[in-house]
Amino acid sequence: MARLILLLVIAAALVIALVWDQRGRRDARIARLRWAFVHGTPPAGYGRPANLEPVVHPGGLTFRAPTSWTIDVGERRTSDDPAPGVARRVHVELIRLEAQGSSGTESVTSAMKTLETTGDSSLEVLANGNVLMKALERSRKDLIASYVWRLGHARPPRGIQIAIFRLGFPVEAAAEVIAQSDLATLDREVREAAFSD
């Protein structure tokens, strides 16, 4: 009887150790993905897809995306979960803020620094005057890696417009070549997006 109890205790300890090990590996994988997305640059070897089409958000944002992707344009996202049978689902949301203090790129940068992000994020002023913030957020019990781009633009006299792009991948698939190619494509198109005045 004592041996059976000892075996059960050892088996339970092994199961707990395996669960903690799996969680640790998933956390390490997400940390590597976050660092590569936020601090790295898009892989250079990925070419631009041939079939890009313009997407116009009703709030005054124009960007391009592959024709096979589903672009959800709206105020609220329902989920970061990749839809089954859909190549990629990108959610795009536009918000408006009022600038505090000066107007222009400095006010956009200041406003974007106050936005809440989970984990590490980067902030970059682009050549076109827009400000880009990138972050990788975890959702749905750490099973989905949600890539988030926030593109800020000054609206005279004291307004700020921020476009939020979200693209989700299962954590296990996020490091695959196809997923990284799609991330590079969206990163490039977000950087080239234009706000209408």
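Working ranking of peptides 60-67, 125-132, 16-23 by packing, defined as the average number of other Cβ atoms within 10 Å per residue, highest first, is 60-67, 125-132, 16-23.
Within region 124-197, the GluC sites (Glu not before Pro) that combine a DSSP coil assignment with at most 15 other C-beta atoms in a 10 angstrom radius are 176, 192.
Computed from the coordinates by the stated procedures, all read-outs in this text should not be read as laboratory data. Small disclaimer: the values here were computed from a predicted structure and weren't measured. Here the Cβ is made from the backbone with ideal geometry for all residues, glycine too, and neighbour counts use every protein chain on show.
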